[in-house]
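Read the structure below first, then the notes.
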Amino acid sequence: MLQVNNLVKTYPNGTKALKGISFNVPKGAFLSVIGLSGSGKSTLLRCINRIHEPTSGSISFEGQEITHVNEHKLREVRTKIGMVFQHFNLINRRNVINNVLMGRLGQFNDHFLGGIFKKWPQEWIDDAYDALKIVGISDKALVRADGLSGGQKQRVAIARTLVQNPHLLLADEPVASLDPTTSYSVMNYLKDLNQKRNITVVCNLHFLSLVRDYSTHVIALKNGELVFEGKPTDITEKWFKDIYGADAREVEIH
Ligand SMILES: Nc1ncnc2c1ncn2[C@@H]1O[C@H](COP(=O)(O)OP(=O)(O)OP(=O)(O)O)[C@@H](O)[C@H]1O
């Protein structure tokens with residue numbers, strides 16, 4: 001469903017963040033992207049949904065080349081690609097239900113002003129409450145986003161993705177700022193999205209224990225290059241040292 005071919009990203013300051021990355025993501029996969037800090041993981045995700053413009057190379061999504069599409073087409077593509085971030089990206093001064101409803105914005109641009117003035121159609125509001133129930137925080141619907149814990153914020157971000165109903169979810173270190181127990185709970189929601197709703201997931205992760213528990217496929221980046229592609233069980237001690245360096249020790253999250 002996603003083919004990345006020879007993707008290069010050089011930032012304006014000359015940093016070569018991606019140096020020609022190629023890989024395929026099959027439909028229904030849970031692909032983890034691993035690698036040291038600075039290896040290019042966030043840049044890769046941001047190039048896929050064009051938050052950052054790739055310098056060269058191509059990205060094909062559901063059979064369509066999306067690297068050079070116009071603004072109109074790009075907006076349409078983005079309705080099918082959800083994003084979950086390390087720092088949640090909620091609107092802090094708005095309540096939870098409004099944040100969840102933001103997941104519908106891209107699909108219904110005509111209603112944008114309605115959303116801003118809180119005139120969401122009742123059916124959408126009902127859907128948003130259902131999404132909050134799925135992630136277990138419907139009691140927080142009317143609380144401002146800045147009154148939530150990190151784990152609760154990430155569940156709101158996942159509920160926002162649920163109402164968007166994307167075909168592909170890009171998750172950029174979704175549990176990096178959460179405690180281990182909350183991390184597992186958030187990862188389980190992502191797994192449900194992947195398995196029960198058949199949403200393909202591409203997820204940057206730091207902990208290999210999470211990679212082994214949740215992903216079907218793995219790629220590893222090192223200094224902007226793809227150095228490993230395989231299954232989680234293929235990551236041997238030798239590969240671990242290749243990816244993270246000879247002195248690296250695995251840190252488990254339980
Ligand atoms: N906006 C930017 N302008 C210039 N350089 C950038 C920019 N964003 C990232 N970089 C650089 O690109 C390289 C890759 O960064 P990136 O954030 O993609 O890595 P990462 O693997 O996601 O790291 P982390 O795990 O710490 O989030 C790094 O050298 C980084 O300093």
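Results, tabulated for the structure shown:
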| read-out | value |
| --- | --- |
| Tabulated pairs, the range 201-221, first touching a residue at least 40 places away in the same chain (Cβ under 8 Å), second part of a loop (DSSP other than H, G, I, E, B) and hydroxyl-bearing (Ser, Thr, Tyr), C-beta under 7 angstrom, 6+ apart or interchain | LEU221/SER39 |
| Residue in the range 204-222 that is aliphatic (A, V, I, L, M) and more than 16 Å from the ligand (Cβ to nearest atom) present | no |
| Residue among VAL201, VAL218, VAL211 that is touching a helix residue (DSSP H, G or I) at 6+ places or on another chain (Cβ under 6 Å), within 28 Å of LYS80 (Cβ to Cβ) and assigned to a helix (DSSP H, G or I) | VAL211 |
| So LYS119, is it part of a loop (DSSP other than H, G, I, E, B), without any contact (Cβ under 8 Å) to a residue 12 or more places away in the chain and either surrounded by fewer than 23 Cβ atoms within 10 Å (Cβ to Cβ) or not assigned by TED's automatic domain parsing to the domain that holds GLU62 (or both) | yes |
| Residue match in the range 50-57 (condition: on the phi < 0 side of the Ramachandran plot, under 19 Å from the mean Cα position of the chain (by Cα) and crowded, with 17+ Cβ neighbours inside 10 Å) | yes |
| Scope the range 168-198; condition in a loop (DSSP other than H, G, I, E, B) and either crowded, with 24+ Cβ neighbours inside 10 Å or not assigned by TED's automatic domain parsing to the domain that holds GLY28 (or both); matching residues | PRO174, VAL175 |
| Only one of LEU90, LEU7, LEU45, LEU101 that is crowded, with 17+ Cβ neighbours inside 10 Å and over 21 Å from PRO174 (Cα atoms) | LEU7 |
| The range 140-177: number of residues that are in contact with a strand residue (DSSP E or B) (Cβ under 6 Å, 6 or more places away or on another chain), at negative phi and within 16 Å of the ligand (Cβ to nearest atom) | 4 |
| Helices (runs of 4 or more DSSP H) completely within the range 1-106 that count 1 or more residues being of a type outside the set (A, V, I, L, M) and closer than 30 Å to ASP234 by Cβ | 41-48 |
| Residue match in the range 70-77 (condition: under 21 Å from LEU205 (Cβ atoms), surrounded by fewer than 22 Cβ atoms within 10 Å (Cβ to Cβ) and out of contact with any Asp or Glu (no Cβ under 6 Å at 6 or more places or on another chain)) | no |
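Here's the yes/no breakdown for (1) within 16 Å of the ligand (Cβ to nearest atom); (2) touching a Pro at 6+ places or on another chain (Cβ under 8 Å); (3) not charged (D, E, K, R):
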residue	(1), (2), (3)
SER22	no, no, yes
GLY35	yes, no, yes
GLY40	yes, no, yes
SER60	no, no, yes
ILE66	no, no, yes
ILE81	no, yes, yes
GLY106	no, no, yes
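The values are calculated or read from the model by the stated rules, or taken from the named source; none is laboratory data. Bear in mind that the values here come from a model prediction, so they are computed numbers and not experimental data. No Cβ is skipped: glycine too gets one built from the backbone with ideal geometry, and neighbour counts run over all protein chains shown.
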